[in-house]
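Each remark here refers to the structure printed beneath this line.
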Amino acid sequence: MNETLANELTTSLSADVRGFMPELVLCFAIVFMLLIRLMPRYDRVHMGWIALVLAGLALTVSCLQWRGFHWADFPVPGVGAYAAMFDPRQEDTPISISLFGGMLVYDNFSVFIKMFLYAFITLVVVLTLMSKVPDKEDSADFYVLLFGSTIGMAIMASSNHLLMVFIGIEMASLPSYALAGFLKGRRQSSEAALKYVVYGGGASGVMLYGISLVVGHVDIGSGYLPNIVQAIAEKNLLGSPLMVLGTTFILAGIGFKLAAFPFHFWCPDVFEGAAAEVGAFLSVASKGAALALLARIVLGIGGLGSNLDTPAANQQAAYDSWSRAVDYLVPFLSIFAIVTTTFGNFAAYSQTNLKRLLAYSTIAHAGFMIMGLATMTRDGAGAVLFYLVTYLFMNLGAFAVVAFMRNLTGQEDLSYFRGFVYRAPILVITLGVFLMSLLGMPPFAGFMAKFQIFAVLFDSAHMYEREGKTFLSWNMYGLVVAGGLNTVISLFYYVRVLKVMALERTLEEVESRPIETKHVPIAQAVYLTALALVILVLGILWNPLSQASSNEEGVNNFRAAPTAPPVAVKLKAGGP
Amino acid sequence: MSDEVHLYPYLVLGALLFTCGVVCMATKRNAIGILIGVELVLNGANINFVAFSKYNAVFQVEGMIFALFVIVLAAGEAAVALAIVLNFYNNHATVDVDGADELKG
Amino acid sequence: MESDLLLMSVCIFIPSVFALALVFFPKGTEEYMRWFALLGTAVTFVISTFVFINFHAFLEANPDKDAQKGEMRRPLLSTSLVGRADAADKLALAPQNEKASETDMLARYPWISRFNIEYYLGVDGISMPLILLTTVLFFLSMIASWGIEKHVKGFCMLFLILETGVLGSFLALDFFLFYIFWEVMLLPMYFLIGVWGGPRREYAAIKFFLYTLFGSVFILIAMLGFYFTDVQDFVHPQIVDAKKNLELARHPNWKAEETAALKARSDELLKEKSQAAAAKKKKLPPPPVVKRDPVKTANDRALELVQVHTFDIILLSKVGLDAMRWRNMELDTEEQSKFIKTIMDRREAAGVPTTEAAVRKRLDQAFFGKTFQWIMFGFLFVGFAIKIPVFPFHTWLPDAHVEAPTPISMILAGILLKLGGYGIIRIAYPICPWAAQNLAWWLCVLAMINIVYGAFAAMAQTDFKKLVAYSSISHMGYVLLGIAVWPMTGANYWAWGMNGAMYQMIAHGISSAGMFFCVGVIYDRAHHRNLDGFRGLNEPMPLYGGISAVIFFAALGLPGLCGFVGEFMVILATWNFATPDYPNAGKVFAILAALTVVITAAYILWTMQRVYFGTNEKYKDFPDITVRELLCVIPLVILAILLGVFPMLVLQWMEPHVTGLVDSLAQMKL
């Protein structure tokens, strides 16, 4: 047995490494940035540029993975050959291979999320270069933590085994605890980091306990997600109280990462205390990875993962398990989503600190994305992917504006920015674009994302009605109404920010002093304008992205079954 | 002892540790006390893993690997958390979490 | 791209291009910015006249050849949007793949294929006058905005983007595209009111934004509800065919499975036959015949999966009409079978057959049921009623009008209110006619409340602008009344009502823009709007007094000026409105509406007396109307008189399409 296990691990090693290449690039980046400081000449170099190059390299490799089969005949030699190493897929069969003996899964969904993550950190590194938040001495630490967290998130998004889920979450969280407290001298920063680590430790502990209950269940006995899903399907384990408890604890842990109500208490404090760049990173990347994980687990339990090629004999059992899972999970997720969104929107109303306001807006958007998952369909996951990509640009832009404003004025409180449009127009105009996109106004990309979520809710309502589950169908309509009302509620605080910055008179005007315009560096203006333009263009030409993230391309095809079945190693009785 | 110990006592022990840990996290005011609670929870889960590994033939190797990794990760988490508590102390001169109240609730 | 699509797109987006170009004007060139923006609105106006000329030429090319000698040659009803859409589809799907007609002022271009959203533009008699009104009023308002001093660049840019949004809403024939342009209007208006408005501008702006966004969410939900209806029985069968082929391509194994299944079936049948023959030979009773369902071919399986969804407003109107027909045949099973058979034959002929059971199942969809129609019409109506505005969603209007600067008030009253009426005529009524007809009485009541309440409220105002705002509410009540008088019994004069409503929209656009401009002229000089504080303005400003008189009389509805025609047609139609429960409802409404004209006259004449007549020492030195102001208001005066004396100028090419819409809806009996 040991031989076969060893055999299996070594033969697939080259394929595994190729699949894991983007993360390996980031690992190399971490090692490089730490070691290069040993040389006295490079002791004081700002690591930002190196981080940018290496993040870009990771992004390139990830894109090659995504488009592997299309780039097989790329004219540059080597690229095509490299890209062709990834299985060229036939029209209907999506890629799905498992890496490292079934620990990580490599399918379209995970590759898409990873591409999204790497694109995002490239943009975040550009932002940090422009806003100069990590200064030279600390820059290596900052980027190492950033990349480490990203690797953890990549593992979260592609995990196929509950141990990897836990490792991924821990690896994503620990560096972000440190990132939250990065501004060592600021009292608020240390307070934010303390709150974060205490909550995070608790949440991950609870989640681990839940994992232990699920994994050790007498009928499951394995951490592999497809095995768990299959066992749940075949033996109707969702009725067992231990399983329910375990699953709830796991979902609580993921809910913490997502900052969903009621696990959100860390979110506003951490965002307010940490630097705006860290806030940008956490709000998009950790949410994206957490959503990917939630999608994988929830849709897997819902039976979508394992019954793609179910032989006809088992289809009735698969349908039954899907039916039971859906009856339990859909209302649960819907309530989760509605409560999160509504709470986020109402709490944001009274905020005056910009970062806190954006934190609550982040919570509300996470709720929206959970709505997409609450449909328990592949189209729902596709809509969430689209939302994540647009959300990347909107949120990054909003936090970037806050960072630049802080650099210009040293303030983060909204009341300081009265009439700011006359002092730094480009900042306020681009902030207007980002906030209106977050609100969901056409023609910006945010509206297209919300529209897709609504469309998928309607579609699934019809689908549930066809399947005879009228309660779930009404559930979906209720989500639509809740989503619409929440959009209107969120109008208040988004427009209030714009109102204060654009409509109110500046202090100078009231006191009849001439208004001094602040000079915004050209690089920052270009960065913000580029982001705003992307949002506008995505709002008009959103078809390609929609196709890429939707069902047709098989992105979110949860073929979580590993190609190499897990080896149950039985030790001899009486052995060690 | 002629009677073998069954699985359930171990699970109860794990649950006990888990509950102690959660209560510790919820009630302690000292930040390090809260971290002790976290460690208790993680170790409660570890006991579960090892117990399942012994009593579930399919899970033998996997359970032990789980436990090993959890020990490592718990250690890493404790290291980072203690560093953060130290930083907090440097800024606030206390490890009492009630002192962390500048960011509004 | 077809030339008509290009022309219409240019018409929509040229203001935005000018707005973008304004970014590069440096600070200090305010005067150039204004002239540049004026040039932008002028160019848009010229292009919209091109669109009109093309449209008119198209109508002239398709006249009613059956007109009797001496009768006016009117455009054929096949020039309506439905007819043109059908013709365009035929061309597109014809085997020779002919190029689409470039003169029919209707064009589509695929945009988001995942959701079947198209970039679909078109004009007809309903939208053309409104488009011309839009471009004229934006041009005149730009002249009126010479008084804006602060942040001219921002003002001009937002103004031009607003024009793009409005023109896009009028030209869009795809519901999603319409919705996008509808929302694009919100943000510029918010800033235009909020930055350049009066003392309570922030409150007015946020109220406007909130109300309209609230309504938009309703429209969005209705839009999605329509989208998720499977309309494959109502599109051209070739579209269903194409989708079926797509499904077949996605499942290549089905063909193999079909052959295998057919072979297995034929084997079974052979075996049965041989068994029967053997039994016969042995003189045994034949084995029982096994009843088998027909083998499912790959075609059938593909067709099962095909669903056609659309945002196309014209197609949805067709489906809405059929929904009404189906609802009305509820108890008549023979009619039902005939209806279904027509659908099945049409599809059979194109090679995409369907079964009666499948058609019935599709006709059981929510869209064809009463609840859905009620709810969706309600949502759409609320969304558009907020814009009109209809009591009780009207409270944003007085605040917005009072606080907005003069040019924005002109735009708001002149055009933005008409978008609500246009939305109801174009979208709400055709897609949900069943609910519209059943709710007609309630809509009339709401309209009457608008008319009467608006008139009385206007009478009580002391703020000049607020008075004009409430008179707007009152006049838009006539518009809603004209749309709503769909009679269920008795003579059908609804065509008069619809045409009257359309004409009233144009007339009110002209007169209310003029009224707001007149108020603005005084406000520029006196810096207050208190009606009791003015008197005797005719003395220092006689020319202005005369022009105002014409505008105010037009608003009053004096025969010979534009306001009369619409009101007259609406009241005429209302007289003949009757429902089974209230056979005399129309007469009551008509009498009330006519009496309200007296109230309208009262407050307008009283206002004129308070403001213009008499003598006043305080304002003796006011300068008379300047050349710029004259340039702004004279076209309105000319239009007011012209449209009052020669209504056929507009009616002759507007009326056939409006009447066509009415006829297609009203032929359905309840």
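Observations on the model:
- Residue among C:Ala249, C:Ala264, C:Ala277 that alone is loosely packed, with under 12 Cβ neighbours inside 10 Å, within 14 Å of another protein chain (Cβ to nearest Cβ) and more than 30 Å from A:Leu485 (Cβ to Cβ): C:Ala249
- Looking across B:Val41, B:Val70, B:Val85, one residue alone is crowded, with 22+ Cβ neighbours inside 10 Å, touching a helix residue (DSSP H, G or I) at 6+ places or on another chain (Cβ under 6 Å), within 9 Å of chain A (Cβ to nearest Cβ) and touching a residue at least 40 places away in the same chain (Cβ under 8 Å). It is B:Val85.
Table: residues versus (1) within 14 Å of another protein chain (Cβ to nearest Cβ); (2) under 17 Å from the mean Cα position of the chain (by Cα); (3) assigned to a helix (DSSP H, G or I).
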site: C:Glu118; (1), (2), (3): yes, no, no
site: C:Gly125; (1), (2), (3): no, yes, no
site: C:Ile143; (1), (2), (3): no, no, yes
site: C:Met157; (1), (2), (3): yes, no, yes
site: C:Gly168; (1), (2), (3): yes, yes, yes
site: C:Phe178; (1), (2), (3): yes, yes, yes
site: C:Leu187; (1), (2), (3): yes, no, yes
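- Out of C:Arg360, C:Arg327, sole residue that is buried (at least 16 other Cβ atoms within 10 Å of the Cβ) and either modelled with pLDDT under 80 or among the basic types (Lys, Arg) (or both): C:Arg327
- Within segment C:297-319, the set of residues being touching a Phe, Trp or Tyr at 6+ places or on another chain (Cβ under 8 Å) and of a type outside the set (Lys, Arg) comprises C:Ala298, C:Ala302, C:His309, C:Thr310, C:Phe311, C:Asp312, C:Ile313, C:Leu315, C:Leu316, C:Val319.
- Answer from C:Val352, C:Val359 - the residue that is part of a helix (DSSP H, G or I) and hydrophobic (A, V, I, L, M, F, W, C): C:Val359
- Residues of segment C:109-149 that are open to solvent by 10 Å² or more (accessible area, probe 1.4 Å) and of a type in the set (Phe, Trp, Tyr): C:Tyr109, C:Trp111, C:Phe115, C:Tyr119, C:Phe139, C:Trp146.
- For A:Leu145, the requirement of being open to solvent by 10 Å² or more (accessible area, probe 1.4 Å) and either of a type in the set (S, T, N, Q) or not in a helix (DSSP H, G or I) (or both) is not met.
- The one condition in (1) facing chain A (nearest Cβ under 8 Å); (2) at pLDDT below 90 that B:Lys54 fails to fulfil: (1)
- Qualifying residue in segment C:88-97 (condition: open to solvent by less than 40 Å² (accessible area, probe 1.4 Å) and at pLDDT 80 or above): no
- Residues that are within 10 Å of chain B (Cβ to nearest Cβ), in a helix (DSSP H, G or I) and not acidic (Asp, Glu) within segment A:159-175 comprise A:Leu162, A:Leu163, A:Met164, A:Phe166, A:Ile167, A:Ile169, A:Met171, A:Ser173, A:Leu174, A:Pro175, listed in sequence order.
- For A:Phe112, the requirement of being in a helix (DSSP H, G or I), open to solvent by 10 Å² or more (accessible area, probe 1.4 Å), more than 12 Å from chain B (Cβ to nearest Cβ) and touching a residue at least 12 places away in the same chain (Cβ under 8 Å) is met.
- Residue within segment B:13-32 that is facing chain A (nearest Cβ under 8 Å), surrounded by fewer than 19 Cβ atoms within 10 Å (Cβ to Cβ) and more than 12 Å from the chain's Cα centre (by Cα) present: no
- Only one of the listed residues (C:Leu220, C:Leu192, C:Leu210) is more than 20 Å from the chain's Cα centre (by Cα), among the aliphatic types (A, V, I, L, M) and within 10 Å of chain A (Cβ to nearest Cβ). That residue is C:Leu210.
- Among residues of segment A:152-163 being buried (at least 24 other Cβ atoms within 10 Å of the Cβ) and among the aliphatic types (A, V, I, L, M), the one that is nearest to A:Pro22 (Cα to Cα) is A:Ala154.
- Test: residue in segment A:442-459 that is open to solvent by 60 Å² or more (accessible area, probe 1.4 Å), outside any loop (DSSP other than H, G, I, E, B), of a type in the set (A, V, I, L, M, F, W, C) and farther than 18 Å from C:Ile180 by Cβ: no
- Just one of the listed residues (A:Ala359, A:Ala381, A:Ala364) is modelled with pLDDT under 90 and either out of contact with any Phe, Trp or Tyr (no Cβ under 6 Å at 6 or more places or on another chain) or open to solvent by less than 10 Å² (accessible area, probe 1.4 Å) (or both), namely A:Ala381.
- Taken over segment A:184-222, the criterion of being open to solvent by 10 Å² or more (accessible area, probe 1.4 Å), more than 8 Å from chain B (Cβ to nearest Cβ) and under 27 Å from B:Ala83 (Cβ atoms) is satisfied by A:Tyr199, A:Ala203.
The values are calculated or read from the model by the stated rules, or taken from the named source; none is laboratory data. Computed from a predicted structure; not experimentally measured. In this analysis, Cβ positions are derived from the backbone assuming ideal geometry, glycine residues included, and neighbour counts consider all displayed protein chains. SASA here: full protein model, heavy atoms, side chains in, ligands and nucleic acids out. Shrake-Rupley method; radii C 1.70, N 1.55, O 1.52, S 1.80 Å.
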